[in-house]
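Single-structure report; data block below.
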Amino acid sequence: SGLYYLITKEGAGDPLNTIEKLTVDYKGSFLDGKVFDSSYDRGKPIVFKIGQMNAGWNEGLKYLKHGDEAILILPSRLGYGEKGFPNFVPPNTILRFDMKIY
């Protein structure tokens, strides 16, 4: 698919599954390091289920488990594609997400 992922700190929890609500802290940035979104900056992780996020997250989270810290590199088509995300992500942009799964 073009997704790259790197587990930077391995957790001791169970593998993630599609029926549970996940709690995740993340920082979204461009390859030049400029941050466009961060739950850390808001002081509150996000809660969701696999399948409710962009295609890159939905795929990448299937490789992780509770307690993992990881980096996902998403090609544009697994992120926000040709439309981008107005006021945050330009069209056709590769994205990096540093995340911590609780």
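The values are calculated or read from the model by the stated rules, or taken from the named source; none is laboratory data. None of the values given here were measured: they were computed from a predicted structure. Here Cβ is always computed from backbone atoms with ideal geometry, including for glycine, and neighbour counts include all displayed protein chains. With ligands, DNA and RNA removed, areas are computed over all heavy atoms of the protein, side chains included. Shrake-Rupley method; radii C 1.70, N 1.55, O 1.52, S 1.80 Å.
Only one entry in Lys27, Lys44 is in a loop (DSSP other than H, G, I, E, B), basic (Lys, Arg) and open to solvent by 30 Å² or more (accessible area, probe 1.4 Å), namely Lys44. Consider Gly11 carefully, then state whether it is over 13 Å from the mean Cα position of the chain (by Cα), touching a residue at least 24 places away in the same chain (Cβ under 8 Å), open to solvent by less than 80 Å² (accessible area, probe 1.4 Å) and on the phi < 0 side of the Ramachandran plot. Yes, satisfied. Within the stretch 30-41, if we keep just the residues that are open to solvent by 40 Å² or more (accessible area, probe 1.4 Å) and more than 16 Å from Gly79 (Cβ to Cβ), the residue that is nearest to the chain's Cα centre (by Cα) turns out to be Tyr40.
Total residues in the stretch 52-69 satisfying the condition of being part of a loop (DSSP other than H, G, I, E, B) and either open to solvent by 70 Å² or more (accessible area, probe 1.4 Å) or at positive phi (or both): the figure is 2. Would you be able to say whether some residue in the stretch 34-53 is in contact with a Pro (Cβ under 7 Å, 6 or more places away or on another chain) and closer than 20 Å to Tyr4 by Cβ? Within the stretch 34-53, none of the residues are in contact with a Pro (Cβ under 7 Å, 6 or more places away or on another chain) and closer than 20 Å to Tyr4 by Cβ. Exactly one residue among Leu6, Leu72 is outside any helix (DSSP H, G or I), touching a residue at least 60 places away in the same chain (Cβ under 8 Å) and open to solvent by less than 30 Å² (accessible area, probe 1.4 Å), and that residue is Leu72. Out of all the residues in the stretch 30-41, which are in a loop (DSSP other than H, G, I, E, B) and without any contact (Cβ under 8 Å) to a residue 60 or more places away in the chain? Correct list: Asp32, Gly33, Lys34.
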